[in-house]
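The values are calculated or read from the model by the stated rules, or taken from the named source; none is laboratory data. Keep in mind that what you see is a predicted model, and the values were worked out from it rather than measured. A quick note on method: Cβ atoms are made from the backbone with ideal geometry, for glycine too, and the neighbour counts reach across all protein chains shown. We work out accessible area using only protein heavy atoms, side chains counted, and drop any ligands, DNA or RNA first. Shrake-Rupley method; radii C 1.70, N 1.55, O 1.52, S 1.80 Å.
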Amino acid sequence: MSNLSEKRHSYLGYAVKLAAGLFLIFVFGRICPSWGGIAQTGIQAIGIFFGLIFLLSNAEFGLILPSLLGFLAVLLTDAYTPNSLMAATFGNSTVVQIIFAYVLCQTIIDTGAGEFIAKWLLTRKSLHGRPYLFCFVFFFASWVMGAFAKIGGIVFVIALLDSLVEKLDYEKTGSFNRWMSLGSFVSACIGMALIPFQGLPLVIFGAILSAMAQSGIVLNYAVYMLSITVFSMAFIALFALAMKLCRVEVSRLGSFDLSCIGSGEENGALRMTRKQLLACLIFVFAIAYSVVMAFLSPDSPVGRLLSIFDQCTWFILALVIFFLLREEGKPLLDAEQTFRRSVSWGIVLAVCIFNVIGGMLANPEFGVRGWLNSLLEPVFSGLPFPVFMLLICLVSTICTNLFANAAVGLIVGTLTMPFAITYGETLGINVTVYGAAVTMSAMFSFMTMAAAGYVPLLLTRPCIQQNQKFLWGVGGGTCLGGIALMAAVFTALAYIL
């Protein structure tokens, strides 16, 4: 009877949530009267947007079902025909670029290059006898794994940390494990923000891209990744320094034989295979396009030559080169298998629909953007850009740790990007850097179970679960310190870049 009661309760909860989502997506915009000069189509866009946010915030619905419901709802508005909707989604160059970028990142995972880099970093002789430097490098390795393997990277880092704690004979609920668990988890989370065309940041960045596109601003991937990297290295360094200032017990690292971390390799040595090396080189080649074009004059001979490409076609070129390469007469990777495994269609569909909804919300004909501007202008009007950045980082990060980070990132990105664009037009700040700040604040999620689907990987660890004082003390301080660091770093980079 107990199991039957639980199932009925679960089904009832699912049905209530689904009904609420369907009401917002399909009904709200048709029965709600217009206000503030918003057209009825704009009201429908608002209902669809918040209905999607609600369904996506509940893990049982996944990404695909809400996205498909969003497609149907948009077709029932006056904004798109079936042909124009397909052109704005699957015919959008950003979406096509996402698909090929996914495949490119999969080559790093399939070859084991990401795991190799993490282990290689941790076994350098320069770390012997330097425990806090080792902690910094461990966090950096976590950041690398988060960037290239996402949630899988977090799992790998936690397993590596557990092995390290056991070999050092530290208490599993002790101070060393608590600090290392928090630092490595947060490092992996902010590493996940590095590549904006993969994983959860891609969903969040979809709303930002749409708002930028409406104003004719093109995202510079090189600037975005540089901004994320600068912030990440500053955070990792400060967290390692905080461990030293708080005198965390790390003395056993001083005499620890670090080479045993790579003992799973042949003869205990770490060697990059030809396949892994080529995967890294091809990946660097693929992202180099944005870097080169950021500093290259379009009127130069090389600039004119490269202008026949864009980032999407450059990704395609990189993949073609990789799949043409052979080892012992066989392809380095099976192209069909790689494509089949790599693309997360749930995320692609979510990006498609939010790109469309973001366009509707930003369309001046529908009135939503004008109403939001009039509503928020008294709050943001006259604010110096540094104060604006601090306010956004503060609100976004706190809300991210109380609610689903994807939902917070989408809402903040959609509502505030028009103001960032205005700062860009008047002060010359780099809007891409602001987009990086919003994405980072949404990925800085680790304080509560509601923050993100992968946060239980940290909060259920005995060393954290059994010491809530540490979580709300050191964890809370890390959160507030991260907010201040975000505001300072991204504000400075927005002016400089």
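Listed values, structure above:
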| read-out | value |
| --- | --- |
| K275 accessible area, 1.4 Å probe, all protein chains in place, Å² to nearest 10 | 60 Å² |
| Within the accessible area of the chain (1.4 Å probe), percent carbon and sulfur | 65 percent |
| Karplus 3J(HN,Hα) series, Hz, for the range 177-183 with 6.51 cos²θ - 1.76 cosθ + 1.60 (x for Gly, Pro) | 5, 5, 5, 5, 5, 5, x |
| Net +/- balance of residues flanking L133 in space, Cβ distance below 14 Å, scoring K and R +1, D and E -1 | +4 |
| Spin-label model distance (nm) - T273 vs Q337, 7 Å beyond Cα toward Cβ | 1.1 nm |
| Gap separating the Cα centres of the range 280-337 and the range 362-410, nearest whole Å | 36 Å |
| Relative contact order, percent, the chain [alpha-carbon distance under 8 Å, six or more residues apart] | 22 percent |
| Mean-position separation - Cα centroids, the range 458-497 and the range 155-175, in angstrom | 21 Å |
| Estimated [θ] at 222 nm from DSSP helical runs (n ≥ 4, -39500 (n - 2.57)) normalised by residues in the chain, nearest 500 | -23000 deg cm²/dmol |
| Over 30 Å (Cα to Cα) - which of K17/K150; K119/K469; K125/K275; K150/K172; K172/K275; K150/K244 fall in this group | K119/K469; K172/K275 |
| For the chain: Kirkwood Rh in Å [reciprocal of mean 1/r, alpha carbons] | 24.1 Å |
| Summed residue charge, Cβ within 13 Å of L333's Cβ, Lys/Arg positive, Asp/Glu negative | +2 |
| Net lengthening on full extension, L480/L375 (0.36 nm per residue, minus Cα-Cα) | 35.0 nm |
| Ranking by accessible area, most exposed first, for V157, V96 with a 1.4 Å probe | V96, V157 |
| Average accessible area per residue (Å²) across the chain - probe 1.4 Å, nucleic acids and ligands excluded | 43 Å² |
| Separation in nanometres of the label points that stand 7 Å from Cα toward Cβ, at V387 and Y11 | 5.7 nm |
| In Å², nearest 10: area of M233 left accessible to a 1.4 Å probe | 50 Å² |
| Rounded to the nearest 10 Å², the accessible area of I151 at probe 1.4 Å | 80 Å² |
